[in-house]
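In what follows, a single structure is set out as structure tokens and then discussed.
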Amino acid sequence: MQTTILEQRAEQIHRKGDAPFSISCDKESLAGAVSQRACVFCGSRVVLYPIADALHLVHGPIGCAVYTWDIRGALSSGPELHRLSFSTDLQEKDVIFGGEEKLYKALVELIDRHQPKGAFVYSTCIVGLIGDDLEAVCRKVSKEKGIPVLPVQSEGFKGNKRAGYEAACKAMFRLVGKGDTSSISPHSINILGDFNLAGETWLIREYFERMGVEVVANITGDGRVNDIKRCHGAALNVVQCSGATMDLAKMMKDKYGTPVIRVSYFGIEDMSEALYEVARFFNDPKMLERTKNLIREELAVLTPRLEKYRGALKGKRAAIYVGGAFKAFSLVKAFRLLGMKVVMVGSQTGTKEDYEELEEITDDGTIIVDDSNPLELSAFLKEKDVDIFVGGVKERPIAYKLGVAFCDHNHERKEILAGYRGMLNFAKEVHASVTSPVWRFVPRRNK
Amino acid sequence: MKIKTAPKNKFVSTTNACKLCRPMGAAIAFRGVENAVPFLHGSQGCATYMRRYIISHFNEPIDIASSSLGEKNAVFGGGPNLKLGLDNVSAKYKPSLVGVATTCLTETIGDDAPGLIKEYFRERSDKTDLPELVNVSTPSYSGTHMEGFHGAVQSIVEQLADENVAPHDAINLLPGFVSPSDIRYLKEVMADFGRAATILPDISETLDGPALREYPLIPPGGTPLKQIHAMGGAKATIEFGPTLDPNKTTGTLLEQKHGVKNHLMGLPMGINETDAFFRVLELLTGKPTPERHQAERDRLVDAYVDGHKYVSGKRAVIYGEEDLVVGLTALLAEFGIHPVLCASGGNSGRLKEAIQAVTKDILPEQPLIREGHDFYEIAALTEELKPDLLVGHSKGYPMSRKLDIPIIRLGFPIHDRLGGQRLLHLGYRGAQQIFDLIANAMIQKKQDRSSVGYSYM
């Protein structure tokens, strides 16, 4: 066990009950530790990715664009420009002589071809070094083409994924305030931090609409440039996901005074609380009544269906490793609802406050970890004799190699996990993996 | 063939590239050496993105370490982080080899990786358990993942093969980027010829391993370092790579530096190209092709005959890595398919010649050859050419869906199906599997679209 944890990382791992809570986090990944984290560019790219009518041009060598081609299952109800991978594919001579001219030509070519409503131009490591003036090129093209062309300062090495979220929010904020807000209802919100994976934003929108709330902009699931331009007309920003879009909400609060609430749409408790919070905000008894009815109706359908899974999953041990800590909170509660025990929980980019909250809601003995890696995670899975691990694509083979069940909570999933329907899907998926007969054959169960 | 589409490479921008970046190929090659860890000298994101991309194909863990450079390293140099990273990887993984590949970041800030590695050994001269280190320059702004792959293989040989090795009987086999299943096949062939072989790299177990009780620090398998050290004493080298620059390959290096005769040839795909491979093996071992391989060949001929009418004259678009495209074209052409477009994101300048060499006796008309193309261009040409099938990796799926043309998934990556690591491309056996896949796809297309829905072919 000890051999798998590098000394410099010991502070980033906490076992609840062992000692007073302390965890070190929010630091650069340790060289050679095989972090599960990505980079600044990745953070920006995932946040802006679902804006479907914008051109997303990656200014850099080919890798950054090609590894993010059609990478998220972020659905669009209309245009699908976001599913294409555009790059300036910088070559050696561009690195030597500068890439501005190539960027300009590529932008003009792609805007003429696709007629987007706006364009995001992502800076990558190399651009940060050769000093291309993205701002100037974008300004020029914007003027010539009459659409917003926004630089995203996402040089990979300038921090971690969270810095990328901020860069994305800064780019989007330049759109805000540019659209007409005259027809917007006083009972209106923006949905921030949901990415419409498998159509989740649509489901959440439908709940709000049933409550009588107008959704001005989904940021960024099934997102549109023109919606973002007028989103300052909404009465409230409802923010999911700890890091990704909070910066935008803060900027809007400062400039437009838009109040913010933080929610999660995952699991029954958090989903219901999200709807109630919005209803309470508008302080409208009729809306509150509608909300109660909605939740009652949904639960009446969901609860009996969940029973079967709860019975089968009772007492099983779960481990969680996800990007943002907010998702981890909801997962802890959701597993508990299914009668399961969470024995390990971690995130790539949690903050001190996030980890404090995790320590509060978990049981004694639970391992809490920041910015972990395959060797640590596999050691934790074994130590805790975990029945199911929930995480993303990079965590999946760790679980499978050890013969541990797995739930995909990743960017490319095809089933809704949010909302009431999502809770049922979650239970189904956990159940399908945990109770599969294939585990009878794996070495772990053949002692 | 008349094509309205303008000449190649007319666009400034790239859309949906048909290539990956250079360090990616190096990481995969390093993964094929025993007890080795691939290490990227650059920002953390590169390693993570590549791991994700590789995992989605192989469904296997792949740990790629990174020097995780931050802003101040980009200004003051990445040396300290590289050394710290090497210390940490050595402490945790106990590797015998760390393969260090650079990235666009470290190439541009001018980090001297070979110099830093020398310094590293000097500074830690008191330590006895240091791994061997190999470094390869892989700036992502030049070449593709294939240059990275071959570059890593070359660096391994250049930096590790000992001089003045006593001559021995083993054969060096440099297969290029093929599947774990392909490597297992090659091992079987060499064993059947009764000849020891150094296959470099060997990802047959490291990227297609069993379910385990313990998470392996580094999965077992890979080319043994001991064998790599002795490559200079081998009887001969067989190197697959019809679009490689023949003067600069790893096999050439072994020939020039160590006097090991090189046989540079195409991937053994289809009867003609596999015959050529077996001929060289017969020559080098002095033995005839073993019975069971001869039997596989005989059965393949029989299968070609049984199925030839279903594929005869069908028109195919083939895309992907250049060497694989050459192999696939040779294979498809020999059982009667007419490749109409052979395209790659690679840009060797040798694709046309290589395809001509394997098809000129068979094809009445040469296909259109396109290097340096992305999927925007390939899809536009395909729309115009209206082929009967597409052959290549899974990134051709959007084009297949849009144009309603069946796609035969081969090569890397296969991200939308299981079993990419188990696809067999090589030898008579691989040809058999691919032939069945393609013939059945053609039969299915006709059956699905028939108003009758018949139950016999």
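A short reminder: the numbers here are calculations on the coordinates, not readings from a lab. All values reported here derive from a predicted model rather than from experimental measurement. Positions of Cβ are backbone-derived with ideal geometry, glycine not excepted, and every protein chain shown enters the neighbour counts.
What to note about this one:
- In terms of packing, defined here as the mean over residues of other Cβ atoms within 10 angstrom, the peptides B:14-24, A:127-137 line up highest first as B:14-24, A:127-137.
- Restricting attention to region B:291-449, the count of lysine pairs at 8 or more positions apart or across chains with alpha carbons under 17 Å apart stands at 10.
- Sorted into 10 angstrom bins from 0, the C-alpha pair distances of chain A split as 4, 20, 29, 26, 15, 5, 0 percent.
- Inter-part distance where region B:114-150 and region A:305-326 are each reduced to a Cα centre, Å: 44
- Where N is the number of residues in the protein assembly as shown, Cα Rg divided by 2.2 N^0.38 Å: 0.96
- Each Cα pair under 8 Å and six or more residues apart adds its sequence gap; the mean of these over the residue count of chain A is a relative contact order of 17 percent.
- Considering only the protein assembly as shown, percent of DSSP beta bridges that pair antiparallel, nearest 5: 10
- Bins of 10 Å, starting at 0 and running to the largest distance - Cα pair percent for region A:209-358: 10, 32, 34, 21, 4, 0
- Options A:Pro79, B:Leu328, A:Pro148, ranked by Cα towards positive dipole end of the protein assembly as shown, top entry (Cβ charges): A:Pro79
- Share, in percent, of DSSP beta bridges within chain A that are antiparallel, nearest 5: 10
- Size descriptors for region B:245-373, from the alpha-carbon set: Rg then Dmax equal 16.4, 50 Å.
- Reference-scaled alpha-carbon Rg (2.2 N^0.38 Å with N residues) for region A:188-297: 0.99
- Projected-area mean, chain B, by convex hull of Cα positions, square nanometres: 23.8
- Across A:Lys250/A:Lys394; A:Lys316/A:Lys401; A:Lys105/A:Lys143, pairs whose alpha-carbon gap is larger than 22 Å: A:Lys250/A:Lys394
- Taking label positions 7 Å along the Cα-Cβ direction at both B:Lys10 and A:Asp133, the computed distance is 3.3 nm, reported to one decimal.
- Springs between Cα atoms under 10 Å define the GNM used for chain A, and in it the highest mean-square fluctuation of A:Arg37, A:Arg296, A:Arg83 occurs at A:Arg296.
- The alpha carbon convex hull volume per residue for region B:171-285 rounds to 117 Å³.
- Residue exposure sequence - A:Tyr122, A:Tyr256 - by fewest surrounding Cβ within 10 Å: A:Tyr256, A:Tyr122
- Fraction of alpha-carbon pairs over 17 Å apart in region B:22-160 - percent: 55
- In summary, the aspartates and glutamates within cross-link reach of A:Lys341, defined as a Cα separation below 13 angstrom excluding same-chain residues under 8 places away, comprise A:Asp363, A:Asp364, A:Asp385, A:Asp387.
- Dipole of the protein assembly as shown, positive end: most advanced residue of B:Ala27, B:Ala152, B:Thr249 [Cβ charges, Cα centre]: B:Ala27
- Charge tally in the Cβ shell below 10 Å around A:Leu90, where Lys, Arg are +1 and Asp, Glu are -1, A:Leu90 excluded: -2
- Cα-centred dipole magnitude for chain A, charges only on beta-carbon of K, R (+1) and D, E (-1), debye, nearest 20: 1000
- The local environment of B:Ile337, defined by Cβ-Cβ distances under 11 Å, has a net charge of 0 under the rule Lys, Arg +1 and Asp, Glu -1.
- Look at B:Asp112, A:Asp284 and count the other Cβ atoms within 10 Å of each Cβ; fewest to most, that gives B:Asp112, A:Asp284.
- Between region B:288-306 and region A:1-69, the alpha-carbon center distance in angstrom: 51
- Ordered by the number of other Cβ atoms lying within 10 Å of each residue's own Cβ, fewest first, B:Phe11, B:Phe58, A:Phe41, A:Phe97 fall into the sequence A:Phe97, B:Phe11, B:Phe58, A:Phe41.
- Candidates A:Val108, A:Val278, A:Val434, ranked by Gaussian network fluctuation over chain A, Cα under 10 Å, top entry: A:Val108
- The mean number of Cβ atoms from other chains found within 10 Å of a Cβ in peptide A:82-90 is 5, as a whole number.
- Net charge, B:Asn73 excluded, C-beta distance under 10 Å - Lys, Arg +1, Asp, Glu -1: -2
- Hydrophobic, long helices, defined as DSSP H runs whose alpha-carbon span along the helix axis is 24 Å or greater and whose mean Kyte-Doolittle value is at least -1.0, occur in chain A at A:285-313.
- Projected onto planes of every orientation and averaged, the convex hull of the alpha-carbon atoms in region A:61-124 covers 4.7 nm².
- Unit charges on C-beta of K, R, D, E only; dipole of the protein assembly as shown, Debye: 1760
- Panel values: region A:348-430, Kirkwood radius from alpha carbon pairs, Stokes-Einstein at 10 °C and 1.306 mPa s, translational diffusion coefficient 112 µm²/s.
- Peptide B:74-83 - average C-beta neighbours from other chains (10 Å radius): 2
- Whole-number Å³ per residue for the convex hull built on Cα positions in region B:91-144: 94
- Pairs of lysine residues in region B:15-145 - Cα separation under 30 Å, sequence separation of 8 or more or cross-chain: 14
- For region A:40-173, the relative contact order comes to 36 percent (Cα pairs under 8 Å, sequence separation of at least 6).
- Take the Kirkwood radius over Cα pairs of region A:40-173, plug it into Stokes-Einstein at 10 °C and 1.306 mPa s, and you get 110 µm²/s for translational diffusion.
- Neighbouring Cβ atoms from other chains, within 10 Å of the Cβ of residues in A:401-411, number 2 on average.
- Structural descriptor for region B:48-176: relative contact order 21 percent, calculated from alpha carbon pairs under 8 angstrom and at least 6 residues apart.
- Taking every DSSP helix (H) stretch of at least 4 residues in chain A, weighting each as -39,500 (n - 2.57) and dividing the sum by the residue count yields a mean residue ellipticity at 222 nm of -13000 deg cm²/dmol.
- Percent breakdown of C-alpha pair distances by 5 Å bin, ordered from the shortest bin, for region B:291-449: 2, 9, 19, 23, 22, 16, 7, 2, 1, 0
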